[in-house]
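Since the structure comes first, as structure tokens, the remarks are kept for the end.
The values are calculated or read from the model by the stated rules, or taken from the named source; none is laboratory data. Being a predicted model, the structure only gives us computed values, none of them experimental. Heads up, the Cβs are rebuilt from the backbone with ideal geometry, glycines too, and the neighbour counts pull from every protein chain shown. The area values use the complete protein model at the heavy-atom level, side chains included, leaving out ligands, DNA and RNA. Shrake-Rupley method; radii C 1.70, N 1.55, O 1.52, S 1.80 Å.
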Amino acid sequence: MAKNNVLPTNNTYSMLVDCYGKAGLAKEALLWIKHMMMRGFFPDEVTMSTVVKVLKEVREFDRADRFYKNWHGGKVDLDDLDFDTSSAFTTADGSKSSVPISLKQFLSTELFKIGGGIRDSNDIENQNPLSTFTYNTLIDLYGKAGRLQDAADVFVDMMKSGVALDSCTFNTMISISGRHGNLLEAESLLVKMEEKGISPNTRTYNILLSLYANAGNIDAAVSCYRRIEEAGLVPNVVTYIALFGVLCTENMVQVVEAVIDEMEKSSVSINERSLLDIVKMYVNEGDLDKANDLLEKFQMNWEPSSKICASIMDAFAEKGYWAEAESMFYRKRDMAQLQKRDIVEFNVMIKAYGKAKLYDKAVSLFEEMKNQGVWPNDNTYRSIIQMLSGADLVDQARSLTVEMLEMGFKPDCKTFSAVIGCYARLGQLSEAVDVYQEMLRAGVKPNEVVYGSIINGFAEHGSLDEALQYFHLMKESGLSVNLVVLSTLLKSYSKVGDLEGVMSIYEQMQNMEGSLDLVASNSMITAFAELGLVSEAKQTFENLKETGCTNSTSYEIIMDLYKDVGLIDEAIKIAEEMKLLGLLNDCVSYNKVLICYAVNKQYHECVELLREMISKKILLNGRTFNLLLTILKKGEFPTEAIVQLESCYQEGKPYALQATYTAMYSLLGMHALALESCQTLLESEVENLDSAAYNVAIYVYTSAGYFEKALNIYMKMRDKRVEPDIVTHINLVVCYGKAGMVEGVKKIHRLLEYGEIEQSESLLQAIKYAYKHCNRKFRRVMRFNFDSEENSEDESETEYDVGSEGETEYDVRSKIE
């Protein structure tokens, strides 16, 4: 045009501004305005609207507003068109746009060498917009800038000026009102739109559908979808994306499936974005069959993009369905489109293996991707290094860190931190320091987590001097010391009994901005407790209580301290407070309170807490079991029975815990509870109960006075071909004795005398007490080597013939010999 002396018009400049704006060159676009002003042109309304639109898209809302207002006043501020070329606009897609050439270079081109001069702004009268497009652009500008009143004012001016409103005008106003939480205003605009004779279009309903969905009004969102069809309109891709998005988020499976059926009847295919939402919904519901069926049906017609496939794999991975993610990864590809696995898919699959703790598979896939010509990127390395470090596979993680550096990638701070943290956890502190030095050489600045890991590693292994060395390095690097690091040093000082060091750290903690957090306060209580400073620990605890910031850990620490120093009454008070405050939430907290009650011999309270744990389905652990055994031992439960229960627990027998607390209920005289628990034990789905379970049942029914039931249990035990053991015989003797069945006592005594039952002091004692229950005297014919004064005294008691009827003592001795 320039060479042929064809002068540009306003329309030419408008198109140039629009073209440059769409290319992401907003700064160059505005320089064309300077060009046109130098050629003696003043922007017309179309050009002005185009400039406002370009500035709006790059979120330069204030500059757009100034340009419009200056234009409205009949002038253009050329200074506002000059930009610092070192700065950059943020474009609509979030990227940066900068001027590739300087203003001087731009103005020295052939286009600027000829023609015109700047027109005096005094020659231009005030300009008023006359087109619908201009008003719509301004409304959208103010809406996106959050200037609701300005948008409303333009809307009112538009109606006053007589400029025609269209569906775009109302759609923009509805969207602005709804996005800023004014749904009622949005609904009233819809009514006004219809009153003006402007029919809502699909976009109108899509906007309302999205607004209702964001507000959580699912019914109204679905209603908008229905209104599209009622108005004779056709839902589009945006409609379905918005609708499925909200329905799937709420896991409304039936409604989703109803919409899918309607789409199939109308021969409308599911778009891949909605496919992702629906598959996620099925995965969240655990319905993998439906998820896989939908994927298979979709893939018959379309091949999802690599990005969508990666997102679907990630949805499976997040729920631990690594096999389904793997199936998606190794799916049959569309060879016609030469579709290959994308790096993102590899990264997600590696992550899926990591979440499933299939580390060998993750490493194998990492090697496989290279063979397929897909080279790992920095995200791949970061992901697998952090995964392996979390699994304590630190040698592999370290090797990959070196490889990452050799490939020209720089590990970020989080990646180095993962490796250092792993070495520190494993006590390999020299290696942790090596990686720290490597991190510095790579030009990556350590953060608080890195220093915290090293400090904690040295502190945990008693190396206080080294911990302090890195603490000082952390401060010298300009990082703010946090409460986690100080708490670690606090524990380290308390371990070595350095009260001065403890108080020094505590003072630093108190001087930090804001109040001490819970972890720091609990660490302080622990430090005082370990140093035996009861009053200081108590005062810190009470101060924490006054702030209302205590948790179960705070109470557990102070309760343990009171218990350990013999202040059992104080410990019990703390335990009662914990119960009232509802701080018993896990096995650890329950166990600590149980121990307090047990030490104070409040066994019934122990039972109440134990039943509460069972009702809450809190998994009892080894410490709970040991506590139950302790109570049984204090109650003089037979030693052999205790050993048997302990062996069952160590062998992982599923009924071991229940059998143990059932026995405890019975020992404490809580027979109703014991009988109920015993019945549950016997009716459990555990196959092949062994003698330990039957022994407990015999003991429970005997203790409750149900002697016939106890003997029936014994008969059932024999029917199941479970051999009686020493504990069985002890319990049977007690049962026979309490029931007055002296012949039964005599039978077991005879078996013991003949050596058919292993020698046991507990059994011998049971036999003696059984005879007493039967008002008979015990006489031991054989002389077992039990070192018991009580037994030796009983030998002189009046003898009772335990042999067969008509047999003399001599006959019995002869048979034994």
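Against the conditions (1) in a helix (DSSP H, G or I); (2) closer than 22 Å to Thr680 by Cα; (3) in contact with a helix residue (DSSP H, G or I) (Cβ under 7 Å, 6 or more places away or on another chain), Ser647 satisfies every one except (3). Among the candidates Thr547, Thr553, Thr540, Thr639, which residue alone is in contact (Cβ under 8 Å) with a residue 24 or more places away in the chain and open to solvent by less than 70 Å² (accessible area, probe 1.4 Å)? Just a single option satisfies the conditions, and that option is Thr553. Just so you know, in segment 228-255 the residues that are without any contact (Cβ under 8 Å) to a residue 24 or more places away in the chain and part of a helix (DSSP H, G or I) include one that is surrounded by the most Cβ atoms within 10 Å (Cβ to Cβ), and it is Glu229. Here Met578 meets each of (1) in contact with a Ser or Thr (Cβ under 9 Å, 6 or more places away or on another chain); (2) in a helix (DSSP H, G or I); (3) open to solvent by 50 Å² or more (accessible area, probe 1.4 Å) with one exception, condition (3). Right, Gly705: at pLDDT 85 or above and at positive phi or not? Yes; evaluated as a whole, the condition is true for this residue.
In segment 643-653 there is at least one residue that is farther than 30 Å from Asn600 by Cβ and surrounded by 13 or more Cβ atoms within 10 Å (Cβ to Cβ).
Yes or no, residue by residue, for (1) of a type outside the set (A, V, I, L, M); (2) touching a helix residue (DSSP H, G or I) at 6+ places or on another chain (Cβ under 7 Å):
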residue	(1), (2)
Ser453	yes, yes
Ala459	no, yes
Leu468	no, no
Leu479	no, yes
Ser535	yes, no
Thr540	yes, yes
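From Gly457, Gly443, Gly462, Gly408, which residue is within 30 Å of Asp498 (Cβ to Cβ) and open to solvent by 50 Å² or more (accessible area, probe 1.4 Å)?
On the way: Gly457 fails: open to solvent by 50 Å² or more (accessible area, probe 1.4 Å); Gly443 fails: within 30 Å of Asp498 (Cβ to Cβ); Gly408 fails: within 30 Å of Asp498 (Cβ to Cβ).
Result: Gly462 is the single residue among Gly457, Gly443, Gly462, Gly408 that is within 30 Å of Asp498 (Cβ to Cβ) and open to solvent by 50 Å² or more (accessible area, probe 1.4 Å).
Looking at the structure I just gave you, is Tyr597 open to solvent by less than 30 Å² (accessible area, probe 1.4 Å) and either touching a helix residue (DSSP H, G or I) at 6+ places or on another chain (Cβ under 7 Å) or of a type in the set (A, V, I, L, M, F, W, C) (or both)? Quick ask: steps written out before the conclusion?
Values: open to solvent by less than 30 Å² (accessible area, probe 1.4 Å): yes; either touching a helix residue (DSSP H, G or I) at 6+ places or on another chain (Cβ under 7 Å) or of a type in the set (A, V, I, L, M, F, W, C) (or both): yes.
Yes, satisfied.
Within segment 559-575, the set of residues being farther than 14 Å from Ser535 by Cα, open to solvent by 60 Å² or more (accessible area, probe 1.4 Å) and not charged (D, E, K, R) is empty. Among the residues of segment 524-537, the one identified as surrounded by fewer than 17 Cβ atoms within 10 Å (Cβ to Cβ) and of a type in the set (Ser, Thr, Tyr) is Ser535.
Counting only residues that are open to solvent by 60 Å² or more (accessible area, probe 1.4 Å) and closer than 23 Å to Phe133 by Cα, segment 21-40 holds 2 of them. Consider segment 595-607 and keep the residues that are free of Cβ contacts under 8 Å to residues at least 60 places away in the same chain and touching a Phe, Trp or Tyr at 6+ places or on another chain (Cβ under 9 Å). The one that is nearest to Leu632 (Cα to Cα) is Cys606.
Give the residues of segment 688-715 that are within 48 Å of the chain's Cα centre (by Cα), in a helix (DSSP H, G or I), polar (S, T, N, Q) and over 12 Å from Val734 (Cβ atoms), sorted by residue number. Residue satisfying the conditions is Ser691 alone.
So Ser86 fits all but one of (1) open to solvent by 60 Å² or more (accessible area, probe 1.4 Å); (2) modelled with pLDDT of 85 or more; what number is the exception? Answer for Ser86: the failing condition is (2).
Please enumerate the residues belonging to segment 756-771 that are assigned to a loop (DSSP other than H, G, I, E, B) and touching a residue at least 12 places away in the same chain (Cβ under 8 Å). Reasoning before the result, please.
Here is the first cut: in segment 756-771, the residues assigned to a loop (DSSP other than H, G, I, E, B) are 756-760.
Those that are assigned to a loop (DSSP other than H, G, I, E, B) and touching a residue at least 12 places away in the same chain (Cβ under 8 Å): Ile757, Glu758, Gln759, Ser760.
Of all the residues in segment 295-309, those that are over 28 Å from the mean Cα position of the chain (by Cα) and either surrounded by fewer than 16 Cβ atoms within 10 Å (Cβ to Cβ) or in a helix (DSSP H, G or I) (or both) number 8.
May I ask you to list the residues in segment 44-82 that are open to solvent by 60 Å² or more (accessible area, probe 1.4 Å) and within 18 Å of Thr12 (Cα to Cα)? Hits for segment 44-82 are Val46, Lys53.
Taking Lys768 as the residue in question, decide whether it is within 27 Å of Leu645 (Cα to Cα), at pLDDT 85 or above, over 60 Å from the mean Cα position of the chain (by Cα) and not aromatic (Phe, Trp, Tyr). For Lys768, the condition - within 27 Å of Leu645 (Cα to Cα), at pLDDT 85 or above, over 60 Å from the mean Cα position of the chain (by Cα) and not aromatic (Phe, Trp, Tyr) - is met.
Among all positions in segment 648-661, there is at least one residue which is without any contact (Cβ under 8 Å) to a residue 24 or more places away in the chain, out of contact with any Leu (no Cβ under 7 Å at 6 or more places or on another chain) and among the small types (Gly, Ala, Ser). If you take the residues in segment 189-200 that are assigned to a helix (DSSP H, G or I) and closer than 27 Å to Leu130 by Cβ, which one is most open to solvent (accessible area, probe 1.4 Å)? Checked segment 189-200; the qualifying residue most open to solvent (accessible area, probe 1.4 Å) is Glu195.
Return the residue satisfying two criteria in turn: it lies in segment 126-175 and is part of a helix (DSSP H, G or I) and among the basic types (Lys, Arg), and of such residues it is surrounded by the most Cβ atoms within 10 Å (Cβ to Cβ). Full working, then the answer.
Narrowing segment 126-175 to residues part of a helix (DSSP H, G or I): 132-144, 148-161, 167-175.
Going one step further and asking which of them are among the basic types (Lys, Arg), we end up with 144, 160.
Numbers: Lys144: 18, Lys160: 8.
Result: Lys144.
Here are some residues: Thr639, Thr630, Thr680. Which one is of a type in the set (Val, Ile, Thr) and within 24 Å of Ser589 (Cβ to Cβ)? Break it down stepwise before answering.
Values: Thr639 fails: within 24 Å of Ser589 (Cβ to Cβ); Thr680 fails: within 24 Å of Ser589 (Cβ to Cβ).
Being of a type in the set (Val, Ile, Thr) and within 24 Å of Ser589 (Cβ to Cβ) holds for just one of Thr639, Thr630, Thr680, which is Thr630.
Each residue in segment 201-216 was checked for being modelled with pLDDT of 90 or more and not in a helix (DSSP H, G or I), and 1 of them qualify.
Whenever a residue of segment 379-399 is in contact (Cβ under 8 Å) with a residue 12 or more places away in the chain and within 12 Å of Phe366 (Cβ to Cβ), it has no partner that is among the acidic types (Asp, Glu) and crowded, with 17+ Cβ neighbours inside 10 Å lying with C-beta atoms less than 7 angstrom away and at least six residues away or across chains.
Right, Glu230: over 43 Å from the mean Cα position of the chain (by Cα) and among the charged types (D, E, K, R) or not? Against the criterion (over 43 Å from the mean Cα position of the chain (by Cα) and among the charged types (D, E, K, R)), Glu230 qualifies. The residue pairs whose first member lies in segment 21-36 and is within 12 Å of Val58 (Cα to Cα) and touching a residue at least 60 places away in the same chain (Cβ under 8 Å), whose second member is open to solvent by 20 Å² or more (accessible area, probe 1.4 Å) and hydroxyl-bearing (Ser, Thr, Tyr), and whose beta carbons are closer than 8 Å, counting only pairs six or more residues apart or on different chains, are Gly24/Ser95; Ala26/Tyr20; Lys27/Thr85; Lys27/Ser98.
Of everything listed in (1) part of a helix (DSSP H, G or I); (2) over 24 Å from Asn217 (Cβ atoms); (3) open to solvent by 20 Å² or more (accessible area, probe 1.4 Å); (4) small (Gly, Ala, Ser), the single unmet condition for Ala258 is (2).
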